[in-house]
Amino acid sequence: MAAQETVEHKYVYDFAEGNKDLKDLLGGKGANLAEMTNLGLPVPPGFTITTEACKAYLTTGREPDGLAGQIEAHLESLEREMGRRLGDPDDPLLVSVRSGAKFSMPGMMETVLNVGLNDRSVVGLSAQAGGNDRFAWDSYRRLIQMFGKTVCEVPGEEFEHALDEAKRAKGTKNDLDLDADDLRGLVDAYKQIFAKHTGREFPQEPREQLDLAIRAVFESWNAERAVLYRRQERIPADLGTAVNVVSMVFGNLGPDSGTGVAFTRDPGSGAQGIYGDYLANAQGEDVVAGIRNTVPLQELEQLDKTSYDQLLGIMARLEEHYKDLCDIEFTIERGKLWMLQTRVGKRTAAAAFVIAGQLVDEGLIDLDEALHRVNGAQLAQLMFPRFQLDHDFQPVAKGIGASPGAASGKVVFTSARAVELAAEGESVILVRRETNPDDLNGMIAAKGILTSRGGKTSHAAVVARGMGKTCVSGADELEVNVPAKTFTVAGHTVGEGDVISIDGTTGKVYLGEVPVMPSEVVQYFEGSLDPEHIDNALVRAVHRIMTHADGARRLRVRTNADTGADAARARRFGAEGIGLCRTEHMFLGDRRELVERLILASGEREREDALAALLPLQRADFIEIFREMDGLPVTVRLIDPPLHEFLPPLEQLAVNVAVAQERGEDVAKEEALLAAVRRMHEENPMLGLRGVRLGLVIPGLFAMQVRAIAEAAVAVARDGGSACPEIMVPLVGAVQELETVRAEAEKIIAEVVGDSGVEVLIGTMIEVPRAALTAGQIAEAAEFFSFGTNDLTQMGWGFSRDDVEGAFFWRYLELGIFGISPFESIDADGVGRLVRIAAEEGRAARPGLKLGVCGEHGGDPDSVHFFHEVGLDYVSCSPFRVPVARLEAGRAAISTTGSDSR
Ligand code: PEP
Ligand code: MG
């Protein structure tokens, strides 16, 4: 039964049978070769072995049944089409065997060229090439070298040494000076190396060469570097690679041959016009090896105008067909152009916006598609400051751009030194081999973090991203010597206190201080660049696409802000209200003393006095915010954190009291404070006396805040403004908690508001799992819900939010337990399910219930798509992320397929 099923399975596709939408099965390269073949473009004939064949091979350790026969059949038809047989001694067909996975993994897997050459067909190849013996023997030695290294794991250096030896014997440094005899000798030497390492002769049978090469490509899927690359790029490990068997064409047959790569527009800036490089009389691998310098593609026009014109025509055709920037690889064999590869090309964030805008102008795509082609991560990148690199700055190393931004500062090697220097007002870059949780304080103090080891999910990378701090990880050219307080790179030794600059977007490291440029996109959002009147293609494209996103989105975007300044900035960035005004920050600084009085109050009178002193201060806070957000809703959350956060830490207080007592000073007040701190101490403060619990325990606290909010709204309304307050109760887990607060609040509001026309809504956060699960009951007492996904994640997973990211998330990411921190992007299956249940049951109980989210997830691109899909009314995020949320909300509205592919 099983055997029958596998026999029926189709594992091999002729190029004419595939198309660009079959990337899962044929890999990106195979699918696009098929597409170009079907467009009638000059693609060397060939076939693709599917990713399914690779997966079957990798699971069972042998080629699946039926594969060998299908390869045979496709090979025969290829031979018929080419009029040549694989490895025929007189007139050989040669093929290349190339990897090609669904997602591009440049250079990570294997390729073998010139398969089909052996001691006899090398002569036939020479005849095909018009008696060019040198070319034929050079091709043969390349096969043995690539085959030996890739298929049989012969150490590559041995071949390199033999080549160097041949050049030394000839008295030259240039490969091209070796003649046919030298290369024939080199083939002998290579064969000996091959036999020494493998215990067998170099295989002369062409079909055996082919089968072994295919197997080697399958196996290269699991090569260490490929596995690491996938992990970094978050490419699933189980996709497998396809294998493309393509008839060889040669760019090294003389001056009328050559090879090149090109982009249909500039992938850096998006500017129109072709960009490419060409190398005459060479194969693609020579370009990679940098043996000779390439020339700009435009020079091909002088060398071979016919091919150049044909190439330009093909590139235009590809752009029109793919409706996007394409990159290509091509070869010219004696004046005949061949297309070896195309794909929708990678581009920078800036180019993504610019090109999307251009394609709309050109009528190739509409604005919905343009919006689909960009994403919030790219927009966020464009909002970071950048290095101004128009001076003489050359990077000395390149690591992984682990957390974007641009940072310059003095090098330090320890966390303690980072903290010290930062306290003196210095900018520092913390340099480590890798970081661990003990480095946390240093990471907080530093402007940027640079490590010589570790990828995008290393401790340094994850923690830095969480903090929004610039980080370059895995810069492995750096030799870091922490005890000596130095690192060496590219011949330089850098010591503590020397200045370096790191670019967390590109991963580049520079010596000295590189000037930093503000982001033009931020200037545009801030209103200081007018897109209609400046000649800046990027700003114009961003403006156009953002405008379209705003028109398309259903989700509103609010901001989390608790000062007038933040509110004003967020409004310029497009916020349509405040979704979370945390009031706890308003009790810090000078006001701590009033909080202490409140906590230490020995009777009702003293407590009321403290609250009465706080009331006008709170009212002034709210007036400022309501004014900035004139006419827009402002959700004010009643005080949430445990009150002892406003008191001095226990240890410090205990020491102070002991010292003062020793000196015989009067410490009555300190003693009372210490007793209060002891009384209020909690083992798990996050799960203790906070949120609504505080409001129920400390009489008058919430009442004072409610009164301040209502009075502020009335004051603004009296001045002709419009305040729309929404009072939000934190940490509710049961409807009875909310009902109690609500009853008291309603009385105060009615009394204060009178006939001023001010309307005040009362709602709750949904951040305790029990609240989500009893949302139907809670909705009876709430006019709105705002999901506090930070606490909901903390309590849903049982992860202490202040501890776990530094403590062990890096390991969870490494093990793939999750692909991204659940505090960063909503865990749709678990925490997201709680959101979904609460949204549905809340709305069922109270149609029209207003639903929003104010946890960190409100500004995360993938999470925004999730909240759109669940049907929330708005997301709320930090001011800087408002544009990202607007863009993603627009993308979510036009897309049913979720966020863009890589
Ligand atoms: C939340 O829990 O998601 C939230 C917004 O509240 P905080 O982060 O202040 O606890
Ligand atoms: Mg919370």
Which residue, chosen from Val245, Thr294, Asn684, occupies the Cα position most advanced towards the positive end of the dipole of the chain, where the dipole is computed from +1 (Lys, Arg) and -1 (Asp, Glu) charges on Cβ about the Cα centre?
Asn684
Where does the charge balance sit around Gly405 when Lys and Arg score +1, Asp and Glu -1, over other residues with C-beta under 11 Å from its C-beta?
+3
Qualifying GluC sites (Glu not before Pro) for region 640-689 [loop in DSSP, other Cβ within 10 Å: at most 14]
Glu665, Glu682, Glu683
Starting with the highest mean, order 874-880, 430-436 by the number of other Cβ atoms within 10 Å, averaged over the residues of each peptide.
874-880, 430-436
I need the calculated FRET efficiency for the pair Ala195 and Ala316, taking r as the beta carbon distance and R₀ as 51 Å, to the nearest 0.05.
0.50
For Lys346, list the lysines whose Cα falls under 20 Å from its own Cα; do not include residues on the same chain fewer than 8 positions away.
Lys20, Lys23, Lys29, Lys102, Lys323, Lys398, Lys456, Lys508
Positive-end extreme of charge dipole, region 475-581 - chosen from Gly564, Gln523, Gly551 (charges on Cβ):
Gly551
Ordering of 168-180, 442-454 by packing [mean C-beta count within 10 Å, highest first]
442-454, 168-180
Once normalised by the length of the chain, the mean sequence separation of its alpha carbon contacts under 8 Å that are 6 or more apart gives a contact order in percent of 9
Computed FRET value (nearest 0.05) for Ala613 with Ala668, which takes r as the C-beta separation and R₀ as 35 Å:
0.95
Helical contribution to [θ] at 222 nm, DSSP H n ≥ 4, -39,500 (n - 2.57), averaged over the chain, rounded to 500:
-14000 deg cm²/dmol
The answer for GluC sites (Glu not before Pro) in region 768-815 that fall in a DSSP coil and have at most 16 neighbouring Cβ atoms within 10 Å is Glu780
For the pair Arg592 and Asp179, the simple spin-label estimate (label points 7 Å beyond Cα toward Cβ) gives in nm 8.8
Going toward the positive end of the dipole of region 53-182, with +1 on Lys and Arg Cβ and -1 on Asp and Glu Cβ, which of His74, Met105, Asn132 do you reach last?
Met105
Label model pair Glu285, Leu689: point-to-point distance (7 angstrom along the Cα→beta-carbon line) in nm is 7.5
Considering only protein heavy atoms, what per residue accessible area in square angstrom results for region 691-829 with a 1.4 angstrom probe?
37
Count the DSSP beta bridges whose two residues both fall in the chain, then state the antiparallel fraction as a percent rounded to the nearest 5.
60
So the label point goes 7 Å from the Cα of Glu157 along Cα→C-beta, right? Which residues of region 195-211 then have their backbone N under 17 Å from it?
197
Electrostatic dipole magnitude of the chain [Cβ: Lys, Arg +1; Asp, Glu -1; Cα centre; debye, to 20]:
240
Return the distance in nm (one decimal) between the two label points of a simple spin-label model at Glu746 and Glu759, each offset 7 Å from Cα along Cα→Cβ.
1.7
If I stretch the segment between Asn38 and Gln394 completely, what's the gain in nm (0.36 nm per residue apart, minus their alpha carbon distance), one decimal?
123.7 nm
Mean Cα-pair separation over length for region 484-573, i.e. relative contact order, pairs under 8 Å, 6 or more apart, %:
16
Just the accessible area per residue of region 596-680, please: how many Å² with a 1.4 Å probe?
52
At R0 = 60 Å the Cβ-Cβ FRET efficiency linking Glu79 and Arg554, nearest 0.05, sits at 0.55
Accessible-area composition of the chain, carbon plus sulfur, in percent [1.4 Å probe]
49
For Lys747, the lysines lying under 20 Å Cα to Cα, once residues fewer than eight places off in the same chain are dropped, come out as none
Just tell me which aspartates and glutamates come within less than 19 Å, Cα to Cα, of Lys305; anything on the same chain fewer than 8 places away is out.
Asp256, Asp277, Glu329, Glu333
Counting alpha carbon pairs within less than 8 Å and at least 6 residues apart, what relative contact order, in whole percent, applies to region 34-147?
18
Within 10 Å of each candidate Cβ there may be at most 11 other Cβ atoms; applying that plus a DSSP loop requirement, which trypsin sites (Lys or Arg not before Pro) in region 620-699 survive?
Arg663
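The values are calculated or read from the model by the stated rules, or taken from the named source; none is laboratory data. Because the structure is predicted, anything quoted here is derived from the model rather than measured. Backbone-built Cβ (ideal geometry, glycine too); neighbour counts: all protein chains shown. Please note that ligands, DNA and RNA were not included when accessible areas were found on the heavy atoms of the full protein model with its side chains. Shrake-Rupley method; radii C 1.70, N 1.55, O 1.52, S 1.80 Å.
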